[in-house]
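The values are calculated or read from the model by the stated rules, or taken from the named source; none is laboratory data. The model shown is predicted, which means the values in this text are computed figures rather than measured ones. Neighbour counts run over all protein chains shown; Cβ positions are idealised from the backbone, glycine included. SASA here: full protein model, heavy atoms, side chains in, ligands and nucleic acids out. Shrake-Rupley method; radii C 1.70, N 1.55, O 1.52, S 1.80 Å.
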Amino acid sequence: MKNNIDVLKRTQMFAGVADTEIESMLSCLGAREVKYKKGEYVLRQGEKTDSISIVTEGVLHIQNDDYWGSRSILGQIEVGEMFGEAYAMARDDTLLNDVVAVEDSVVMFFNVKRIITTCPSSCSFHALVTQNLFFAISEKNRKLVQKLSHMAKRSTREKLISYLSEEAKRQSSSNLTIPFNRQQLADFLSVDRSAMSNELCKMRDEGLLSFIKNNFVLFNLNNA
């Protein structure tokens, strides 16, 4: 686990905490490391968790499959990002979604009770980690609002424009790379893949954008 110090110190939860302090806090926070193969479930719908988790290697998807097998991707978790806090900090709530490894991944789990209560050794940086956790949860809520703004659009084109525009702003470039393939993007926006692909082709033919796989160049969305 000590090999992950470089990743942890760049996360929101451990922002401002020295390397040596992070190392000493791992046992204090009940940290444990688990490796997952591509396609393995990290957490399953209906389960309970008492841990806040951070991805130190790989990529995970938060997803939901309905009774008929239709899938919605609710979010992507990359290296350094946190998940599970909403359920770990609730009393009896069970998970509403699955968390799945998109590629071989490594996840570190931290006992939430040890994070939000003062440890016996009174780590000097414990209060800072708790404060950082609050800000990290606030940031995740902001991202959720962004996703809801995409979902609120009526048409497939409007959803695509909303998402790609937001990504262009986030990446500060009209030449951008998104973290999804076509099926994953359709699942994320909750649209039909064929309809989405057709709409992308129409937008390309209209001179609004160009794309190769998950790389996009936006030209002029004002005429969409």
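Between 0 and 90 degrees, the angle of helix 19-28 with respect to the longest Cα principal axis of the chain falls at about 70 degrees.
The charge dipole of the chain, taken about the Cα centre with unit charges on the Cβ atoms of Lys, Arg (+1) and Asp, Glu (-1), comes to about 380 debye, rounded to the nearest 20. Taking the accessible area of region 24-166, probe 1.4 Å, and keeping the other protein chains in place, the carbon and sulfur fraction comes to 51%.
Dimensions of the chain from C-alpha coordinates, computed as largest minus smallest value along each principal axis and given longest first, are 64, 39, 29 Å. GNM remark for the chain: springs join alpha carbons under 10 Å apart, and the peak mean-square fluctuation among 129, 34, 55 falls on 34.
For the pair residue 47 and residue 93, label points projected 7 Å from Cα toward Cβ lie 1.8 nm apart.
Applied to region 170-178, the Karplus parametrisation 6.51 cos²θ - 1.76 cosθ + 1.60 on θ = phi - 60° returns per-residue 3J(HN,Hα) values of 5, 8, 6, 7, 7, 9, 9, 10, 9 Hz, with x for Gly and Pro. Checking the a/c ratio against 1.5 first, then a/b against b/c, what shape does the Cα gyration tensor give for region 28-112? Taking the square roots of the gyration eigenvalues as a ≥ b ≥ c, region 28-112 is oblate. The residue 170 and residue 68 beta-carbon pair, evaluated with R₀ = 30 Å, returns a calculated FRET efficiency of approximately 0.35.
Taking a ≥ b ≥ c as the square roots of the eigenvalues of the alpha-carbon gyration tensor, region 64-104 is classed oblate because a/c is 1.5 or more while a/b is no larger than b/c. A 1.4 Å probe run over region 73-224, with the rest of the protein chains in place, finds 55 Å² accessible per residue. In this structure, the pairs whose alpha-carbon distance is over 28 Å, taken from 9/153; 35/153; 35/159; 143/213, are 9/153; 35/153; 35/159. Cross-link reach is defined here as a Cα-Cα straight distance under 17 Å, omitting same-chain residues fewer than 8 places apart; for residue 38 none of the lysines meet it.
Rounded to the nearest whole Hz, the Karplus-based 3J(HN,Hα) values (6.51 cos²θ - 1.76 cosθ + 1.60, θ = phi - 60°) of region 208-215 follow the sequence 7, 7, 9, 7, 9, 6, 9, 9, with x at glycine and proline.
Placing unit charges on each Cβ (+1 for Lys and Arg, -1 for Asp and Glu) gives the chain a dipole about its Cα centre, and among 117, 100, 148 the Cα reaching farthest toward its positive end belongs to 148.
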